[in-house]
Structure formats: structure tokens, C-alpha cells
Amino acid sequence: MNPAVSISLPVVLQTAGLLLASNLFMTVAWYGHLKYEADKAWYVAALVSWGIALFEYLLQVPGNRIGYAGGFSLAQLKITQEVITLVVFVPFAVSTMGQPLKLDYLWAGLCRVGAVFFIFRS
């Protein structure tokens, strides 16, 4: 492929992709210390989490800016982030943290689908 050729992704894919990637870092920053640093002092876990969260912000800020400039409303960006949070959190909770997969995750997801419907319908 010619490096001079530029491939432009639609705004919705750029926004969702950056928010998805940022959410991976956010989830690890928020909850990973419960498993990987449980034996460390809380302030060590906080400093490590802040370091991980830096990468979250380096992806989340441009994702929100691209989405907002591309026509997403503030509420649409927030609801999109909430849906992505659940999409990332459930596999993390089950696979990394050993939490049981519950039907409640499905019900929570369906509530988020309703939120998406209402926030994007107009």
C-alpha cells in the first residue's frame, strides 16, 4: 500500500474506536489494582492507576473531540461511552477478575440499548 494514500474512517468509527481503546485503559486503571496490587499500599495503587489513566485520557480526549466536531451531541458522546464501558467491563470482570457471568449484565445492557435509542432518535 502506498503510504501517501490516506484512508479516512467515518467519524462514528474514529470516535467509537478511540473511546473503546480509552475504556480498556480506564477499566484496568480503575479495577486492575484490586487483583494485581492488592498487597501494595493504596497510594502505590493510586499512582500506578494514574499512570495507566494517562493513556486513557490520551485516547478519550481526541475521541470526544472528533465525535463532538463530527456531529455527536454531548449527551450522545456520554451514552456512547456508557455503552462501551459495559462492553469492556463485562469481559474484564469475567476473564480477568474471575467474576461470574450474570444475567444481570444482559439486563443492564438492554437498559443501555434503551438509552441509546432515546438519545439518538432525534
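Nothing in this text is a laboratory measurement; each read-out follows from the coordinates by a stated rule. Since we're looking at a predicted model, the values are computed, not measured. We place every Cβ from the backbone using ideal geometry, glycine too, and count neighbours over all the protein chains shown.
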Top positive-direction residue, dipole computed over the chain with Cβ charges, set ALA38, ILE52, PRO91: PRO91
Label-point separation, TRP50 to LYS78 (7 Å along Cα→Cβ), nm: 2.7
Using alpha carbons only: equivalent-ellipsoid semi-axes of the stretch 27-122, gyration tensor based, whole Å: 28, 20, 8
Placed amide H near GLN99: partners under 5 Å, 5+ positions off or other chain: VAL94
Assigned charges on the beta-carbon of Lys, Arg, Asp, Glu; the chain dipole about Cα centre (debye): 240
Proximal lysines relative to LYS78, as straight alpha-carbon distance under 26 Å, when same-chain residues fewer than 8 apart are discounted: LYS102
Footprinting exposure proxy for VAL113, VAL90 (fewest neighbouring C-beta atoms within 10 Å first): VAL113, VAL90
Three-way shape call for the stretch 78-122 based on the alpha-carbon gyration tensor, with the a/c threshold at 1.5: oblate
Inter-label distance for PHE120 and LEU9, nm, one decimal - labels placed 7 Å from Cα along Cα-to-Cβ: 1.6
Residue with peak Gaussian network fluctuation, the chain [Cα springs, cutoff 10 Å], from GLY98, GLY109, GLY17: GLY98
Centre separation in Å (Cα based) which lies between the stretch 6-72 and the stretch 82-103: 16
